[in-house]
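**Student:** Submitted below is the structure of interest, expressed as structure tokens.
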Amino acid sequence: MASWAVAFASKFAVKSAHALENVSVVVVGAGIAGLGAANLLRKHGATVTVLEAKDHTGGRLLTDWSMGAPFEVGAGWIHGPSSDNPTKQLADAVNAQYAVTEDENAVFFDINGYEYDEDEVERIVDAWEGVLEHIDGT
């Protein structure tokens, strides 16, 4: 639902930065999509109320410290953390802590916990890039 709100707000935002000034919107869910939708709607003049059923915001963006060390329960990676990435912009806006990782330092494991060798990783990456090219039609 929050993704629909982002698309809805974007449609009106093209016409006017204040196209939603007299509009009140309820966003259901304070996960990253809901917070992103609320932020976009608010930027374009809407009065926004965000409802969340859980006792924390961020949805699957949750770090559990109950065992004395951090465990990322859900989403824990911002892919492509460039300055134009809206997820990174939201993280920066709330002073979220994160570390930039380099792709060449990535280690990949199979479902049984065994590390893939470099040739297997290259084969998987090539296959993935082929899928992305097919989707993009290039």
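**Student:** Just to check I understand the Karplus step: with θ = phi - 60° and J = 6.51 cos²θ - 1.76 cosθ + 1.60, what whole-Hz values come out for the stretch 56-71, glycine and proline as x?
**Tutor:** These are the phi-based 3J(HN,Hα) values: 8, 8, x, x, 6, 7, 8, 9, 9, 10, 5, 9, x, 9, x, 10 Hz.
**Student:** (i) 11, 29, 24, 17, 13, 6, 1; (ii) 12, 43, 34, 10, 1; (iii) 10, 27, 31, 23, 9, 1: which one is P(r) over Cα pairs in 10 Å bins from 0, in percent as calculated from this entry?
**Tutor:** Here the calculated entry is (iii).
**Student:** While we're looking at this one, here's another question. Once both axes come from the Cα atoms, what is the angle between helix 32-43 and the longest principal axis of the chain, in degrees from 0 to 90, rounded to 10?
**Tutor:** 40 degrees
**Student:** Now for a different question. Test of understanding: what is the full-extension gain from R60 to K43, defined as 0.36 nm times their sequence separation minus their Cα-Cα distance? Mind showing how you got there, number by number?
**Tutor:** Values: separation 17, 0.36 × 17 = 6.12 nm, distance 2.43 nm.
Contour length minus Cα-Cα distance gives 3.7 nm.
**Student:** In addition: In whole Hz, with x marking every Gly and Pro, tabulate ³J(HN,Hα) for the stretch 78-83 from phi via Karplus 6.51 cos²θ - 1.76 cosθ + 1.60, θ = phi - 60°.
**Tutor:** Karplus-based 3J(HN,Hα) across the stretch 78-83 equals 9, 6, x, x, 7, 5 Hz.
**Student:** Run the dipole for the chain about the Cα centre, Lys and Arg Cβ at +1, Asp and Glu Cβ at -1, nothing else charged, and hand back the magnitude in debye, nearest 20.
**Tutor:** Values: 8 positive and 21 negative charges, 323 e Å.
The calculated dipole for the chain is roughly 1560 debye.
**Student:** Continuing with this model, one more query. Against the longest principal axis of the chain, how steep is helix 118-136, in degrees 0 to 90 to the nearest 10, with axes from Cα atoms?
**Tutor:** In the chain, helix 118-136 runs at an angle near 30 degrees to the longest axis.
**Student:** For L51 and A106, FRET efficiency with R0 = 41 Å and r from the beta-carbon atoms, rounded to 0.05? Numbers along the way, then the final one.
**Tutor:** On the way: r = 37 Å, r/R0 = 0.91.
Step by step, r from the Cβ atoms, then E = 0.65.
**Student:** For labels at E122 and Y98 in the simple 7 Å Cα→Cβ model, what's the distance in nm?
**Tutor:** Simple spin-label model gives 3.0 nm for this pair.
**Student:** Scan around G31 for amide H atoms under 5 Å from its own, H built in the peptide plane at 1.01 Å from N, and keep only partners 5 or more places away or cross-chain.
**Tutor:** G58, G59
**Student:** Can you tell me the 0 to 90 degree angle between the C-alpha axis of helix 2-13 and the longest principal axis of the chain, rounded to 10?
**Tutor:** 60 degrees
**Student:** Tell me the label-point distance for the pair D84, L132, using the 7 Å Cα-to-Cβ offset, in nm and rounded to one decimal.
**Tutor:** 1.5 nm
**Student:** Further, regarding this structure: Residues with amide H under 5 Å of V23's amide H, sequence separation 5 or more or different chain, H placed in the peptide plane at 1.01 Å from N; which?
**Tutor:** T47
We did not get these values from a lab; they are worked out from the coordinates using the rules stated. Source: prediction; values computed, not measured. Cβ atoms come from the backbone with ideal geometry, glycine included; neighbour counts cover every protein chain shown.
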